[in-house]
1. Collect the residues in the stretch 40-54 that are in a loop (DSSP other than H, G, I, E, B) and open to solvent by less than 90 Å² (accessible area, probe 1.4 Å), keeping them in residue-number order.
2. Give, as residue ranges, the helices (runs of 4 or more DSSP H) completely inside the stretch 278-373 that count at least 1 residues that are surrounded by fewer than 15 Cβ atoms within 10 Å (Cβ to Cβ).
3. Filter the stretch 242-255 down to the residues that are surrounded by 19 or more Cβ atoms within 10 Å (Cβ to Cβ) and out of contact with any His (no Cβ under 8 Å at 6 or more places or on another chain), then identify the one that is farthest from Leu218 (Cα to Cα).
4. Determine whether the stretch 727-734 contains at least one residue that is under 30 Å from Asn857 (Cα atoms), over 22 Å from the mean Cα position of the chain (by Cα), surrounded by 14 or more Cβ atoms within 10 Å (Cβ to Cβ) and of a type in the set (A, V, I, L, M, F, W, C).
5. Given the conditions (1) in contact with a helix residue (DSSP H, G or I) (Cβ under 8 Å, 6 or more places away or on another chain); (2) open to solvent by 30 Å² or more (accessible area, probe 1.4 Å); (3) in a loop (DSSP other than H, G, I, E, B), report the number of the one that Arg824 does not fulfil.
6. List, please: which pairs have Cβ atoms under 6 Å, are six or more places apart or on different chains, and start with a residue in the stretch 75-92 that is modelled with pLDDT of 80 or more and end with one that is surrounded by fewer than 16 Cβ atoms within 10 Å (Cβ to Cβ) and assigned to a helix (DSSP H, G or I)?
7. Find all pairs meeting these conditions: Cβ atoms under 7 angstrom apart; at least six residues apart or on different chains; first residue within the stretch 135-161 and not assigned by the TED database to the domain that holds Glu94; second residue surrounded by 18 or more Cβ atoms within 10 Å (Cβ to Cβ) and of a type in the set (Ser, Thr, Tyr).
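The values are calculated or read from the model by the stated rules, or taken from the named source; none is laboratory data. Predicted model, so just to flag it, every value in this text is computed and none were measured. Heads up, the Cβs are rebuilt from the backbone with ideal geometry, glycines too, and the neighbour counts pull from every protein chain shown. Please note that ligands, DNA and RNA were not included when accessible areas were found on the heavy atoms of the full protein model with its side chains. Shrake-Rupley method; radii C 1.70, N 1.55, O 1.52, S 1.80 Å.
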Amino acid sequence: MGAKDSKPCCITYEEAVKRVTDAELKRLKEAFKRVSTLNGCITKQSFIKDVMGEGVPTPVAEYIFSACGGTQKGIVLKDLLCGLVLLTRGREEEKLKFLFGLYSNESGSYVVRDELQRMLQACENGYVPDSIASLFSERDRATYEEFRDWLMAHPDATSLSRWLLSEPCTVTLSNELETPTFYQTLAGVTHLEETDIMELEKRYWLLKGQSRTGKLDLDTLIPLISPPVPLSVCPGVFGAFDENRDNHIDFKEMACGISAACRGPLTERQKFCFKVFDSDRDGVLSEEELGHMIDVLLFVCHENKSPEELALDPYGQADTAAILADIRKHASGDGLTTEEYLMWTVNNPLPMDFLNLLFQVCHIVLGLRPVSREEEGDIVRGWLEREERRGYRVGQFWYLIAIDWWKSWTDYVTYRAGSESPVSNSTNGSVPGSNTGSLKRTGRLSGKRMQQQCSLVEDCVALDNNSSVVVTGINPLDSAVPWDALGWQQRALGASPKKASSSSLSLLGTQDCSRSPSVTSSPSHSPRQPRKAMPSYSVGPPPAPGPIDNTVLVATPACKVVTLTGEGGKLKRNLMLVRWRDFELVPDSLWKALFQWYGGAPALPRQVIIPKNSQQLELELYPLNLRLLRHQAQPVRAPQTTWSGMVGGYGAAALSTTGYAYVSNLPTPPKRYLAYVAAFSRMATVKQVYDFLCSRLRIRPEDMRLWHYRDENNMLLIEDEEPTLEDLGVLDEDQLLIEVRNKDLTWPEEMGSLAIPMQDKRKQVPTEKGATGLNNLGNTCFMNAALQCVSNTCALTQYFTGNMHLYELNRNNPLGMKGHIAKRYGDLIQDIWSGTAKTIAPLKLRWTIGKYAPRFNGFQQHDSQELLAFLLDGLHEDLNRVHDKPYVELKDSDGRPDVIVAQEAWENHILRNKSIIVDLFHGQLKSKVTCKVCGHESVRFDPFNYLSLPLPMESYVHVQVIGKVSSPLIIFICHFMRTFYIC
């Protein structure tokens with residue numbers, strides 16, 4: 001085997017499937033799923049350990065791995081099944097062909113002596129059987145017929161042939177061992193079936209995968225069960241499951257806890273409830289624990305019953321003190337033991353509501369499948385009724401389900417043996433339930449619900465594109481109020497904190513039953529197609545509904561591109577969608593349960609929001625469906641010349657207008673294409689959209705920009721993160737351009753702007769003169785800052801805007817730059833102060849600077865003052881009015897007055913340097929040198945155009961002011977310095 005590639009098995013996958021039963025195939029697939037890696041293969045190590053087991057020698061197992069189709073990546077399910085069926089249920093002729101294919105050459109036509117001996121020495125610890133000589137007695141290779149005859153005469157020649165042909169096979173596909181499987185063992189110690197445990201295991205790994213720590217701990221469990229479980233009792237529920245107190249729930253603890261809470265006898269369920277409130281696990285409920293238990297039981301009682309049911313309930317108006325006094329009658333000591341608690345619950349119905357809640361949570365959240373259709377109907381309707389009584393909350397998700405499927409499900413769960421047809425209501429598909437067990441609520445929808453109106457508002461929200469709905473594009477629009485058991489009294493009095501019940505919302509308002517139900521707004525009224533008649537079941541129970549099919553609610557997409565969000569599709573607008581006629585609404589957790597039980601697609605989540613300038617909650621039905629554009633990848637540029645490669649892409653771009661013939665890779669306007677579609681709430685902020693796209697597309701925030709793209713000449717860069725999409729005027733089917741920074745730190749839109757003629761740029765939106773920004777060309781903020789400072793020097797800017805520099809260009813100055821710096825800077829000033837563009841890319845000036853000062857090339861950060869000094873010096877030399885500089889001799893001061901010495905030094909300076917830069921920026925700096933021997937002083941006045949002044953470290957500065965205090969300069973200094981002195 002070694003380096004030899006794997007060969008196809010002797011039997012096909014279709015033939016292998018025929019030789020196994022459905023149960024064996026299902027068990028094999030489930031085992032393969034548990035052992036396989038993320039790429040859908042089983043590694044060689046797992047194959048040897050988990051598939052072959054200890055009964056197969058390791059060399060033999062390695063041979064089998066390759067012979068069954070294993071590679072370096074592993075072995076897939078089809079090849080594994082073919083190999084196992086061949087080993088366990090293959091015919092003798094198939095096994096002989098299997099061995100021949102293993103030992104034969106690459107073409108599979110012969111067995112070569114040298115290759116066979118080399119393989120046997122590697123796997124038989126150097127031993128080569130003597131019987132091989134009879135196989136190759138005449139020549140060094142053998143055909144299949146010769147190999148078959150020899151192997152049948154010597155079945156013990158190799159360990160592999162002995163294992164396949166002589167010894168009983170230790171590998172089996174059937175479950176004939178006396179040792180029970182893990183599922184059978186767990187089913188034996190619980191009240192669960194083996195199929196229930198398999199389904200719970202899938203749900204367990206799904207919930208565990210949502211945890212940040214990789215464990216089903218308390219932080220992971222609380223968001224799953226609260227609400228409806230009160231927040232204060234969540235640690236107790238977690239502790240009841242966590243038997244070994246290791247701060248996380250393993251699968252065995254979860255299965256045993258669900259069994260105790262749902263499938264055991266009533267006494268065992270009550271014991272589980274006792275463990276929930278016994279926080280210290282001492283087997284006794286203290287006074288504090290009793291008070292907490294009563295608060296929770298009363299809260300759950302009020303939450304799970306309608307006002308009409310509470311009026312008839314003996315505990316509807318009960319208080320904590322009365323219940324505590326009744327409990328103390330059963331207590332023999334300071335607390336309440338388990339036996340005393342069980343005695344109290346015999347004739348007391350108060351704990352039943354909490355047990356019903358745990359019963360529902362175990363099914364809806366933790367994934368237990370109901371044992372009967374009646375139980376399923378009671379669980380789902382009880383959960384739905386409670387959520388509707390609680391009302392809609394900001395950030396909550398509700399899912400749409402097509403009414404055809406919902407009616408089929410209703411008929412299925414409401415069928416009663418002996419009745420001619422399912423008990424159903426043709427108006428809304430809701431039915432009264434029956435109390436089929438002590439722990440199942442009576443699922444009874446109130447009559448008011450049939451009269452309620454569903455004024456659903458158009459729009460939607462961004463979601464993650466998978467079955468488990470998680471907000472990805474938008475954070476919750478309002479923080480949820482903690483679900484605490486101690487607040488039930490306020491809720492009973494109607495003081496609900498901005499969680500108005502459905503009767504107080506425009507979302508679900510009551511109306512006269514004589515009027516037709518209101519409908520969602522649609523752009524047009526189209527004739528309604530007749531709905532397909534539902535079959536009637538006159539004989540026998542109705543079948544279970546198939547997968548959920550919501551395609552009848554979704555419009556056909558206009559374009560086939562990747563959808564980044566998981567809103568499930570755009571709802572139809574040509575028909576008026578009405579709740580209970582076209583669809584039903586279920587909460588998030590209930591949809592996940594129905595999806596786990598039945599499957600189906602697409603999921604249609606919609607979020608509850610508070611619109612702008614309104615206090616009424618709305619459910620967004622129709623999203624802002626946005627078309628997301630991207631730039632097409634530019635072709636790889638050929639290696640550029642020395643000058644074009646100095647400043648990356650921008651340098652080559654700047655060369656496009658300089659007349660250099662050797663520059664061929666000129667920039668072109670970037671091509672945009674429709675890459676994705678996504679749906680966002682109109683209340684989503686720009687920051688939320690940015691965060692979602694960066695996370696979904698794996699782009700760093702600093703490398704992405706968004707443009708509101710209306711057309712080629714109407715693009716708006718979205719920079720402010722606070723406004724919502726509604727504030728920005730983003731409408732349905734609008735386009736957003738996702739601009740991603742290039743590898744050379746340039747922006748595609750700025751690169752493309754070079755290819756746009758200047759006359760086209762002037763057609764853009766005008767701006768105030770001078771209020772033009774400079775694009776960052778890749779860490780060029782140091783250059784932009786210096787350029788803006790010089791640009792706002794009024795006298796110099798007037799000089800350049802008046803084109804005065806064109807008359808003073810000194811192209812022959814050996815210290816200058818042939819007038820290029822002055823010319824490029826003048827062009828840039830003309831663009832900045834023309835008022836025709838909001839931003840400009842100083843590409844040509846940057847290239848010119850990089851040409852004469854290579855230290856500023858690349859995309860590294862530099863010192864802004866250093867660039868400013870180079871720019872001013874370059875402008876001076878290019879605009880120097882002195883073309884032939886005379887020789888000037890410096891004279892000593894000889895004790896002359898400073899005024900005379902300074903004037904003489906300045907006249908000597910302007911004999912060689914005379915430009916607009918000298919007029920505006922040059923000055924003189926006095927320096928004095930004193931001889932310590934003779935005391936002679938030498939004074940000089942040197943020219944300068946900038947001074948580097950260190951920031952003072954002291955908290956005060958001594959300033960000597962010469963002149964009037966009322967001058968503007970002195971007033972500025974006085975305001976700037978904390979402490980100053982006037983002489």
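1. So in the stretch 40-54, the residues in a loop (DSSP other than H, G, I, E, B) come out as 40-41, 43, 53-54.
Across the stretch 40-54, the qualifying residues are Gly40, Cys41, Thr43, Gly53.
2. Where helices (runs of 4 or more DSSP H) fall fully within the stretch 278-373 and carry at least 1 residues being surrounded by fewer than 15 Cβ atoms within 10 Å (Cβ to Cβ), they are 287-303, 307-312, 320-328, 338-346.
3. Going residue by residue through the stretch 242-255, those that are surrounded by 19 or more Cβ atoms within 10 Å (Cβ to Cβ) are 242, 248-249, 254-255.
Keeping just the survivors that are out of contact with any His (no Cβ under 8 Å at 6 or more places or on another chain) gives 248-249, 254-255.
On the way: His248: 7, Ile249: 9, Met254: 13, Ala255: 17 Å.
Checking each candidate, the answer is Ala255.
4. From the stretch 727-734, those under 30 Å from Asn857 (Cα atoms) are none; that's our starting set.
Checking the stretch 727-734: not a single residue is under 30 Å from Asn857 (Cα atoms), over 22 Å from the mean Cα position of the chain (by Cα), surrounded by 14 or more Cβ atoms within 10 Å (Cβ to Cβ) and of a type in the set (A, V, I, L, M, F, W, C).
5. Of (1) in contact with a helix residue (DSSP H, G or I) (Cβ under 8 Å, 6 or more places away or on another chain); (2) open to solvent by 30 Å² or more (accessible area, probe 1.4 Å); (3) in a loop (DSSP other than H, G, I, E, B), only one is false for Arg824: (3).
6. Listed by first residue and then by second, the contacts come to Lys78/Tyr13; Cys82/Tyr13.
7. Taking only residues 6 or more apart or on different chains, not a single pair turns up.
For (1) in a helix (DSSP H, G or I); (2) touching a residue at least 12 places away in the same chain (Cβ under 8 Å); (3) of a type in the set (Asp, Glu); (4) farther than 27 Å from Leu28 by Cα, each residue gets a yes or a no:
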{"residue": "Ala187", "(1), (2), (3), (4)": "yes, no, no, no"}
{"residue": "Ile197", "(1), (2), (3), (4)": "yes, yes, no, no"}
{"residue": "Arg212", "(1), (2), (3), (4)": "no, no, no, yes"}
{"residue": "Thr220", "(1), (2), (3), (4)": "yes, yes, no, yes"}
{"residue": "Leu224", "(1), (2), (3), (4)": "yes, yes, no, yes"}
{"residue": "Ser232", "(1), (2), (3), (4)": "yes, yes, no, yes"}
{"residue": "Ala240", "(1), (2), (3), (4)": "yes, yes, no, yes"}
{"residue": "Ala261", "(1), (2), (3), (4)": "yes, yes, no, yes"}
